[in-house]
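*Asks:* Quick one: the structure is below, and I'll ask about it shortly.
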Amino acid sequence: MKRLIAVAMLAGLGACQQHAPSNTEMPVPEASGNLQDAHRVPAPSADVGSAALPAPELEGVAVAAGQWRFQVSAKGDQAVFGDAGEASEFAMRCDPETRRMVFTRAASGGTGATMQIIAANGAATFYTEPGPGGRTQASNPATDTFLTDVLATAKDRIGVRIGGGPTLAMPIDPVIRQTILRCAAPIG
């Protein structure tokens with residue numbers, strides 16, 4: 001009896017192998033339309049990844065003069081970009097009470113305008129409101145993945161744009177990551 005079951009199982013296995021479908025039996029669709037109008041999608045490779053994403057907002061934009069500095073104040077830690085002794089061009093401040101990053105830029109925008117922050121591996125757009133000293137400001141929870149996974153790990157440079165205005169391109173500095181991660185850290 002055991003021998004009969006074993007023979008039946010082998011016969012069934014052989015039948016499955018004989019009738020397995022082959023990809024070569026599938027018809028290949030013919031190309032239609034103008035091939036010159038088709039968009040080529042590059043195949044995945046080690047050269048293509050999140051760091052290779054296009055950032056057209058940063059293309060051709062010169063990096064602004066200035067340096068990043070880290071400041072601790074009663075209003076919260078902040079990363080400030082600009083020339084020493086001058087008003088900052090851009091700042092990222094942690095509001096410790098709400099655990100939000102507050103972005104301010106020396107540009108007009110007002111309520112309802114947008115602030116776009118751009119990195120080579122991602123971008124995010126925030127609604128703005130008037131900030132102190134005629135600046136434009138926006139905010140985002142410090143634990144948002146755009147901040148922790150994109151902005152804190154950005155390479156080369158980042159950009160900030162209000163509405164359709166010019167992009168302020170700035171070099172990356174460790175104080176950006178430091179400010180974000182300190183603000184996003186669990187309290188306790």
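The values are calculated or read from the model by the stated rules, or taken from the named source; none is laboratory data. Because the structure is a prediction, the values reported are computed rather than measured. Note that we place each Cβ from the backbone using ideal geometry, even for glycine, and neighbour counts take in every protein chain shown. These area figures cover heavy atoms from the full protein model, side chains too; ligands, DNA and RNA do not enter into them. Shrake-Rupley method; radii C 1.70, N 1.55, O 1.52, S 1.80 Å.
*Asks:* Return the carbon/sulfur percentage of the accessible area of the stretch 96-157, one whole number, probe 1.4 Å, all protein chains in place.
*Replies:* So the carbon and sulfur contribution to the accessible surface is 49 percent.
*Asks:* Modelled label-to-label distance, Glu86 and Lys155, 7 Å Cα→beta-carbon offset: nm?
*Replies:* In this crude label model, Glu86 to Lys155 measures out at 3.0 nm.
*Asks:* Could I ask something else about it? List the relative contact order of the stretch 108-188 as a percent without decimals, with contacts defined as Cα pairs under 8 Å and 6+ residues apart.
*Replies:* Across the stretch 108-188, relative contact order equals 29 percent.
*Asks:* On the full set of protein chains, 1.4 Å probe, figure out the accessible area of Arg100 and give it in Å² to the nearest 10.
*Replies:* Number for this one is 80 Å².
*Asks:* Place a point 7 Å from the Cα of Phe70 along the Cα-to-Cβ direction; which residues of the stretch 145-188 have their backbone N under 18 Å from it?
*Replies:* Answer for the stretch 145-188: 148-149, 151-155, 171-187.
*Asks:* Please turn the phi angles of the stretch 116-131 into ³J(HN,Hα) values with the Karplus equation 6.51 cos²θ - 1.76 cosθ + 1.60 (θ = phi - 60°), one per residue in order, whole Hz, x for glycine and proline.
*Replies:* 10, 10, 10, 10, 5, 9, x, 8, 9, 10, 10, 6, 10, 8, x, x
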